[in-house]
Amino acid sequence: ALLVSFPVALYPVSEIMEEAIFDAPPSSLSCLVLRYAEVVTACAVASWCPDFTLFSGVVGAVFIPFVGFILPPLIYLQLVSWDEAKIHDKIHIIILLTTGLLIA
(Lines give C-alpha, C1' and ligand atoms only; values in the text may rest on other atoms or scores of the structure.)
Protein backbone atom coordinates (compact mmCIF):
# COMPACT_ATOMS: atom_id res chain seq x y z
CA ALA A 1 0.00 0.00 0.00
CA LEU A 2 2.86 2.38 0.77
CA LEU A 3 4.40 1.77 -2.63
CA VAL A 4 1.17 2.78 -4.34
CA SER A 5 0.25 5.71 -2.06
CA PHE A 6 3.69 7.37 -1.91
CA PRO A 7 3.45 8.91 -5.41
CA VAL A 8 -0.02 10.24 -4.57
CA ALA A 9 1.32 11.93 -1.44
CA LEU A 10 4.42 13.20 -3.23
CA TYR A 11 2.62 14.72 -6.22
CA PRO A 12 1.40 17.91 -4.46
CA VAL A 13 4.86 18.39 -2.97
CA SER A 14 6.39 18.10 -6.44
CA GLU A 15 3.94 20.61 -7.89
CA ILE A 16 4.67 23.14 -5.13
CA MET A 17 8.43 22.66 -5.47
CA GLU A 18 8.25 23.10 -9.25
CA GLU A 19 6.31 26.35 -8.88
CA ALA A 20 8.74 27.61 -6.24
CA ILE A 21 11.94 26.72 -8.10
CA PHE A 22 11.14 27.27 -11.79
CA ASP A 23 9.89 30.54 -13.30
CA ALA A 24 8.83 29.01 -16.62
CA PRO A 25 7.27 25.59 -17.11
CA PRO A 26 10.11 23.12 -16.46
CA SER A 27 11.33 20.54 -18.93
CA SER A 28 10.69 16.85 -18.40
CA LEU A 29 14.31 16.30 -17.38
CA SER A 30 14.13 19.06 -14.75
CA CYS A 31 10.95 17.54 -13.30
CA LEU A 32 12.53 14.11 -13.26
CA VAL A 33 15.64 15.36 -11.44
CA LEU A 34 13.54 17.26 -8.89
CA ARG A 35 11.30 14.27 -8.17
CA TYR A 36 14.31 11.99 -7.89
CA ALA A 37 15.82 14.38 -5.33
CA GLU A 38 12.54 14.40 -3.37
CA VAL A 39 12.43 10.60 -3.24
CA VAL A 40 16.09 10.37 -2.21
CA THR A 41 15.47 12.95 0.52
CA ALA A 42 12.45 11.04 1.81
CA CYS A 43 14.43 7.78 1.82
CA ALA A 44 17.34 9.44 3.64
CA VAL A 45 15.03 10.82 6.33
CA ALA A 46 13.39 7.42 6.72
CA SER A 47 16.73 5.62 7.02
CA TRP A 48 18.26 8.13 9.47
CA CYS A 49 15.27 8.19 11.80
CA PRO A 50 15.55 5.11 14.07
CA ASP A 51 11.82 4.84 14.83
CA PHE A 52 10.34 6.15 11.61
CA THR A 53 7.19 4.10 12.06
CA LEU A 54 6.57 5.79 15.40
CA PHE A 55 7.22 9.21 13.86
CA SER A 56 4.94 8.59 10.89
CA GLY A 57 2.26 7.18 13.19
CA VAL A 58 2.26 10.28 15.38
CA VAL A 59 2.23 12.59 12.36
CA GLY A 60 -0.63 10.59 10.83
CA ALA A 61 -2.62 10.53 14.07
CA VAL A 62 -2.30 14.28 14.45
CA PHE A 63 -2.82 15.48 10.88
CA ILE A 64 -5.27 12.96 9.35
CA PRO A 65 -8.26 14.11 11.46
CA PHE A 66 -7.35 17.73 10.78
CA VAL A 67 -7.04 17.23 7.02
CA GLY A 68 -10.04 14.90 6.75
CA PHE A 69 -12.56 16.45 9.10
CA ILE A 70 -11.63 20.05 9.90
CA LEU A 71 -10.14 21.50 6.70
CA PRO A 72 -12.94 20.52 4.26
CA PRO A 73 -15.72 22.40 6.07
CA LEU A 74 -13.44 25.39 6.63
CA ILE A 75 -12.52 25.49 2.94
CA TYR A 76 -16.19 25.13 2.02
CA LEU A 77 -17.03 28.08 4.27
CA GLN A 78 -14.38 30.13 2.44
CA LEU A 79 -16.18 29.40 -0.82
CA VAL A 80 -19.77 29.69 0.42
CA SER A 81 -20.77 31.94 3.30
CA TRP A 82 -22.68 30.52 6.26
CA ASP A 83 -25.80 32.50 5.28
CA GLU A 84 -25.76 31.16 1.71
CA ALA A 85 -25.27 27.51 2.76
CA LYS A 86 -28.28 25.23 2.67
CA ILE A 87 -29.52 23.60 5.85
CA HIS A 88 -28.15 20.15 5.00
CA ASP A 89 -24.75 21.71 4.23
CA LYS A 90 -24.77 23.43 7.62
CA ILE A 91 -25.58 20.11 9.30
CA HIS A 92 -22.71 18.40 7.48
CA ILE A 93 -20.33 21.20 8.44
CA ILE A 94 -21.28 20.96 12.10
CA ILE A 95 -20.99 17.15 12.11
CA LEU A 96 -17.57 17.20 10.41
CA LEU A 97 -16.16 19.92 12.66
CA THR A 98 -17.49 18.24 15.82
CA THR A 99 -16.13 14.84 14.77
CA GLY A 100 -12.78 16.34 13.84
CA LEU A 101 -12.43 18.17 17.13
CA LEU A 102 -13.41 15.07 19.12
CA ILE A 103 -10.96 12.82 17.25
CA ALA A 104 -8.11 15.31 17.22
Have a look at Ser47, Ser81 and point out the one that is modelled with pLDDT of 85 or more and not in a helix (DSSP H, G or I). Ser81
Return yes or no: is Ser14 touching a helix residue (DSSP H, G or I) at 6+ places or on another chain (Cβ under 8 Å), of a type in the set (Gly, Ala, Ser) and within 30 Å of Ala104 (Cα to Cα)? yes
In region 56-92, residues that are in contact with a Leu (Cβ under 7 Å, 6 or more places away or on another chain) and over 25 Å from Phe6 (Cβ atoms) total 1
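Test Ile91 against the criterion of being of a type in the set (A, V, I, L, M), surrounded by 12 or more Cβ atoms within 10 Å (Cβ to Cβ) and either at pLDDT below 85 or out of contact with any Ser or Thr (no Cβ under 7 Å at 6 or more places or on another chain) (or both), and give yes or no.
No, not satisfied.
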Consider only pairs whose beta carbons are under 7 Å apart and that are at least six residues apart or on different chains; among these, list those whose first residue lies in region 45-59 and is open to solvent by less than 60 Å² (accessible area, probe 1.4 Å) and whose second residue is modelled with pLDDT under 85. Ala46/Phe52; Cys49/Phe55
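The values are calculated or read from the model by the stated rules, or taken from the named source; none is laboratory data. As the structure is a computational prediction, the values presented were derived from the model and not from experiment. Counting neighbours? That spans all protein chains shown, and the Cβs are built from the backbone with ideal geometry, glycine included. Surface areas here come from the heavy atoms of the whole protein model, side chains and all, with no ligands, DNA or RNA. Shrake-Rupley method; radii C 1.70, N 1.55, O 1.52, S 1.80 Å.
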